[in-house]
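Reading through the structure tokens given below for one structure.
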Amino acid sequence: MNIIIVSDAWNQTNGVVTTLTHTQKELHRLGHQATVIGPPDYINLPSPDPDVRLALPFGLHKRLDMAKPDALHIAVEGPLGWSARRWALSRKVPFTTSYHTQWPQYLDKRYKIPASLTYKLMRHFHKHSSAILVNSDGMRDELLANGFNRLATWGRGVDLELFNPDKRQPHAHAGPVLISVGRLSPEKNLEAFLNLEVPGTKLVVGDGPSRRMLEERYPSAVFMGKKTGVELATLFASTDVFVFPSRTDTFGLVNLEALASGIPIVSYPEPGPRMILADCAKPAGVITDDLQKGVTEVLNGLAAGKFTQADCRAQAEKMGWEHPTKQLLSQLRRIDWANR
């Protein structure tokens, strides 16, 4: 099947791009042709967020006409996404969409735009989609409560070869070592991690507009900058606890990367982390509204042998990329060009 995915997030480092990159590889492995159309294919301009580029989608409709895809998936509600949506509606072809980002919460936190207005815009964007794909059952329930329909779950996976406890290395930081990985921006709520009163060292991995302010405000934390690939996997495996303070992410792939590296996680009770730890046979982390309490529980549990590398890894091993890719394939709608 010739599948085209249109995404306003591409060639960046975030959960959306990681998901699409692995999905594209898995689709190719399963025998499909999968093309991602993103901002690098077009003239693009800076946005208020310095790490995000806004594409000017001139020529996208012509490109889609020539490609005649068997299925179209629109991954992000950006300029390319809106343009692809217009193309599909004008040709009366079916398409699917995905809801990767909690835009109502993000824009409320970052720019004080009321969540009710953003939800209204998001419902309009997705209302003609054959299926709105979300990354957890909890996220599906949340969107149902906010007026969305035709929702389906498209799970997430982790690179189990890259993220592995075998990459653990000694380091010079005082232990225990707590790590948080993600973009350094207001909506990520990183100060909830940095304000924790815990022994040892806090490592912050990532970059973004809040980095300078956070470095000045929290001089005792170690800011590592953005890390990827083997370097990131080695950092994960060489620490003791992963803390995920975000309340705006719809999933948080970094939680899976931490578990695959053999370290327990502490997170707020958001849909993604709740799903990741939902069916643990043995403890692999703590979901709580009180991060301080959660981290203390995990540190005490590590000392008592309650949390182990093997148990954390076992939880991650349930979540490779083949199953979520087949979930996506089951929801795609074929475009019947012969009868148009």
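The values are calculated or read from the model by the stated rules, or taken from the named source; none is laboratory data. Only a predicted model underlies this, so the values are computations on that prediction, with no experimental measurement involved. Glycine also receives a Cβ, built like all others from the backbone with ideal geometry; neighbour counts cover every protein chain displayed. All accessible areas refer to the heavy atoms of the entire protein, side chains included, with ligands and DNA or RNA removed. Shrake-Rupley method; radii C 1.70, N 1.55, O 1.52, S 1.80 Å.
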Review point. With every protein chain left in place, what is the accessible area per residue of region 102-141 in square angstrom, probe 1.4 Å?
Key: 48 Å²
Point to revise | Accessible-area composition of the chain, carbon plus sulfur, in percent [1.4 Å probe] | key: 52 percent
Review point. Where the centroid of each part is defined by its Cα atoms, how far is region 201-233 from region 69-88 in Å?
Key: 34 Å
**Study point:** Per-pair calculated FRET efficiency, R0 = 35 Å: ALA304 and GLN12 via Cβ, rounded to 0.05
**Key:** 0.30
**Study point:** region 95-182, Cα convex hull volume normalised per residue, Å³
**Key:** 153 Å³
Review point. With each pseudo-label sitting 7 Å past Cα toward Cβ, what's the LYS92-LEU144 distance in nm, one decimal?
Key: 3.3 nm
Exercise for review: Give me the accessible area of MET224, 1.4 Å probe, in Å² rounded to the nearest 10.
Suggested key: 50 Å²
Revision key, fill the gap. For LYS226, counting only aspartates and glutamates whose alpha-carbon sits under 13 Å away and dropping same-chain residues fewer than eight positions off, the answer is ASP51, ASP207
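Which pairs, out of LYS62/LYS120; LYS167/LYS318; LYS167/LYS306; LYS25/LYS227; LYS62/LYS127, put more than 26 Å between their alpha-carbon atoms? Walk me through the numbers before you get to the answer.
Numbers: LYS62/LYS120 30 Å; LYS167/LYS318 20 Å; LYS167/LYS306 22 Å; LYS25/LYS227 22 Å; LYS62/LYS127 24 Å.
Long pairs (Cα-Cα over 26 Å): LYS62/LYS120.
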**Study point:** C-alpha long axis of helix 291-303 to longest principal axis of the chain, angle in °
**Key:** 60 degrees
**Study point:** Rh by Kirkwood over Cα pairs, then Stokes-Einstein D for the chain at 0.692 mPa s and 37 °C, µm²/s
**Key:** 157 µm²/s
Review point. What's the FRET efficiency of ILE113 with THR21 using the Cβ-Cβ distance as r and R₀ = 30 Å, to the nearest 0.05?
Key: 0.50
Review point. By how many degrees, 0 to 90 and rounded to 10, does the Cα axis of helix 115-126 deviate from the longest principal axis of the chain?
Key: 50 degrees
Check your understanding: Roughly how tilted is helix 15-29, in degrees to the nearest 10 and between 0 and 90, from the longest Cα axis of the chain?
Key -> 60 degrees
Review point. Per 10 Å bin, what is the whole-percent P(r) computed from every C-alpha pair distance within region 15-116?
Key: 12, 40, 36, 11, 1
